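Student: Got a structure for you, questions after.
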Amino acid sequence: MRKMKAFYYELYDSFLRGEKYIVRYMFYTLSEVKRVTRTQLRKQFASISRKAASVLPEDMQTLQEEVGGREIVLYTDGSFSQEEALRNLRQAGLSQPVQIFTETEAGTLPELKKAVFYAFRKDAFLLLAHNPELLSQPLFYQIVEEYQIPLRSLTFPWMCRRNLKLMQAMTLYTLV
């Protein structure tokens with residue numbers, strides 16, 4: 001038997017069969033991201049368009065406009081405290097997050113995977129409160145690109161969905 005790495009489920013169906021009440025749940029799993037090799041980095045870099053343009057922070061919508069009426073999912077890595085992130089949310093005039101994911105182990109970013117997947121399933125807005133070193137990891141871009149969810153950073157104003165490709169190109173260029 002294969003071991004499932006499920007972390008989230010929702011009620012799928014329930015019905016009565018004879019005298020038994022049957023409840024079925026739907027589980028969602030995350031596939032593990034493979035370790036990236038230098039040739040894969042080169043292929044990723046080659047696939048990014050050379051005409052990538054950036055959006056300046058002055059030209060971006062305000063965080064409050066971009067979030068709109070969506071629920072908020074907050075991701076913090078170990079360097080940024082939850083209290084500080086919640087204080088920044090209140091200062092920006094945003095509501096409390098529905099779910100908070102805090103990274104406890106370095107390397108494979110399991111909590112980021114969960115946060116991105118949870119935001120995708122709930123059609124929520126992903127806010128990142130992180131250390132700048134997170135943006136220099138190719139794994140971060142692989143995880144975030146898997147699901148096309150809206151996201152912004154509390155600590156790095158230039159980061160948004162439209163600037164991700166250019167940021168990924170800069171990160172891959174330094175590694176290749």
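Table: residues versus (1) surrounded by 12 or more Cβ atoms within 10 Å (Cβ to Cβ); (2) among the hydrophobic types (A, V, I, L, M, F, W, C); (3) modelled with pLDDT of 80 or more.
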{"residue": "Y12", "(1), (2), (3)": "no, no, no"}
{"residue": "R17", "(1), (2), (3)": "no, no, yes"}
{"residue": "T37", "(1), (2), (3)": "no, no, no"}
{"residue": "Q61", "(1), (2), (3)": "yes, no, no"}
{"residue": "Y75", "(1), (2), (3)": "yes, no, yes"}
{"residue": "F80", "(1), (2), (3)": "yes, yes, no"}
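Student: Looking at region 142-176 only, could you name the residues that are hydroxyl-bearing (S, T, Y), in a helix (DSSP H, G or I) and crowded, with 19+ Cβ neighbours inside 10 Å? Can you show your working first?
Tutor: Going residue by residue through region 142-176, those that are hydroxyl-bearing (S, T, Y) are 147, 153, 155, 171, 173-174.
When the remaining residues are screened for being in a helix (DSSP H, G or I), the result is 171, 173-174.
The one that is hydroxyl-bearing (S, T, Y), in a helix (DSSP H, G or I) and crowded, with 19+ Cβ neighbours inside 10 Å: T171.
Student: Where residues in region 98-113 are more than 10 Å from T76 (Cα to Cα) and surrounded by 15 or more Cβ atoms within 10 Å (Cβ to Cβ), which of them is nearest to the chain's Cα centre (by Cα)?
Tutor: Step one: filter region 98-113 for residues more than 10 Å from T76 (Cα to Cα), giving 98-99, 105-110, 113.
Still in the list and also surrounded by 15 or more Cβ atoms within 10 Å (Cβ to Cβ): 98-99, 109-110, 113.
Details: V98: 14, Q99: 12, L109: 10, P110: 11, K113: 6 Å.
Looking at the filtered set, the residue picked out is K113.
Student: Confirm whether L89 is modelled with pLDDT of 75 or more, in contact with a helix residue (DSSP H, G or I) (Cβ under 7 Å, 6 or more places away or on another chain) and either in a loop (DSSP other than H, G, I, E, B) or surrounded by 14 or more Cβ atoms within 10 Å (Cβ to Cβ) (or both). Before you say what the answer is, go through the steps one by one.
Tutor: Details: modelled with pLDDT of 75 or more: yes; in contact with a helix residue (DSSP H, G or I) (Cβ under 7 Å, 6 or more places away or on another chain): no; either in a loop (DSSP other than H, G, I, E, B) or surrounded by 14 or more Cβ atoms within 10 Å (Cβ to Cβ) (or both): yes.
For L89, the condition - modelled with pLDDT of 75 or more, in contact with a helix residue (DSSP H, G or I) (Cβ under 7 Å, 6 or more places away or on another chain) and either in a loop (DSSP other than H, G, I, E, B) or surrounded by 14 or more Cβ atoms within 10 Å (Cβ to Cβ) (or both) - is not met.
Student: Among the residues of region 114-141, which ones are assigned to a helix (DSSP H, G or I), open to solvent by less than 50 Å² (accessible area, probe 1.4 Å) and either farther than 23 Å from L94 by Cα or of a type in the set (G, A, S) (or both)?
Tutor: Hits for region 114-141 are A115, A119, L134, L135, P138, L139, F140, Y141.
The values are calculated or read from the model by the stated rules, or taken from the named source; none is laboratory data. Here the structure is a predicted model, which is why all the values come from computation and not from measurement. As a convention, Cβ positions derive from the backbone with ideal geometry for all residues, glycine included, and neighbour counts pool all protein chains shown. Ligands, DNA and RNA are stripped out before the accessible areas are found, and what is left, the full protein with its side chains, is counted by its heavy atoms. Shrake-Rupley method; radii C 1.70, N 1.55, O 1.52, S 1.80 Å.
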